[in-house]
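Report on the structure given below.
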Amino acid sequence: MAIKLFDSELKVMEVLWSQNMLTAKEIATLLNKEIGWNKNTTYTVIKKCIEKGAINRIDPNFVCEAIVTKEEVQHAEVEELVNKLFGGSKELLFASLVGRRKISSDMFEKLKKQIEEGE
């Protein structure tokens, strides 16, 4: 499921991914402490996530449950990045990442192993 989430929506999702199911009020309290959001801001962002199909609302008490996983969102974001900036070429993305800085031989071996396992 490819869902485009904006930074504010990702903040709400991060809370749910780390805490599982929470009420909207609990999410608002946590985000108020973490980043200073007021209750109305948090509720607005939660409602946008519900509309996009990222969060399921369970009544009573406005309990929120993540429908999409963090991995699904990460995958969608990477695909968008690859398509937007690298013409759909994962090889060019990888070359850009590797070419930007020196990689230790240990890290190179880990990456190599992951690539081989992904084939």
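What to note about this one:
- Relative protection proxy for 53-59, 90-96, from highest mean packing down: 53-59, 90-96 (other beta-carbon atoms within 10 angstrom).
- Largest to smallest accessible area among TRP37, TRP17 [probe 1.4 Å]: TRP17, TRP37
- Backbone N atoms of the range 64-104 closer than 18 Å to the 7 Å Cα→Cβ label point of GLU34 belong to residues 64-74.
- Counting only alpha carbon atoms, the long axis of helix 39-52 and the longest principal axis of the chain meet at about 60°.
- Compared with the dominant Cα axis of the chain, that is its longest principal axis, helix 90-99 is turned about 80°.
- For LEU22, the residues 5 or more places off, or on other chains, whose built amide H falls under 5 Å of its own are CYS64.
- GNM top mover of MET107, MET13, MET21 - the chain, alpha-carbon springs below 10 Å: MET107
- Here each label is just a point 7 Å from Cα along the line to Cβ, and for THR41 and MET107 those points are 3.4 nm apart.
- The GNM of the chain, with springs linking C-alpha atoms under 10 angstrom apart, assigns the highest mean-square fluctuation among SER89, SER18, SER104 to SER104.
- Length released on extending from GLU65 to MET21, taking residue separation times 0.36 nm less the Cα-Cα span: 15.4 nm
- Relative counts (whole %) of C-alpha pair distances in the chain, using bins that are 5 Å wide: 2, 10, 17, 17, 13, 11, 10, 10, 7, 2, 0
- In the elastic network of the chain, a GNM with C-alpha springs shorter than 10 Å, the most mobile of VAL73, VAL82, VAL12 is VAL82.
- With contacts taken as Cα pairs under 8 Å and at least 6 residues apart, the chain reaches a relative contact order of 24 percent.
- Cut-off under 5 Å, modelled amide H: who pairs with ILE55 long-range: ILE50, ILE67
- Principal-axis tilt of helix 24-35 within the chain, Cα atoms, nearest 10 degrees: 60
The values are calculated or read from the model by the stated rules, or taken from the named source; none is laboratory data. Given the structure is predicted, the values throughout are model-derived calculations rather than measurements. All Cβ positions, glycine included, derive from the backbone under ideal geometry; neighbour counts span all protein chains shown. Protein only, heavy atoms only, side chains kept; ligands, DNA and RNA dropped before computing areas. Shrake-Rupley method; radii C 1.70, N 1.55, O 1.52, S 1.80 Å.
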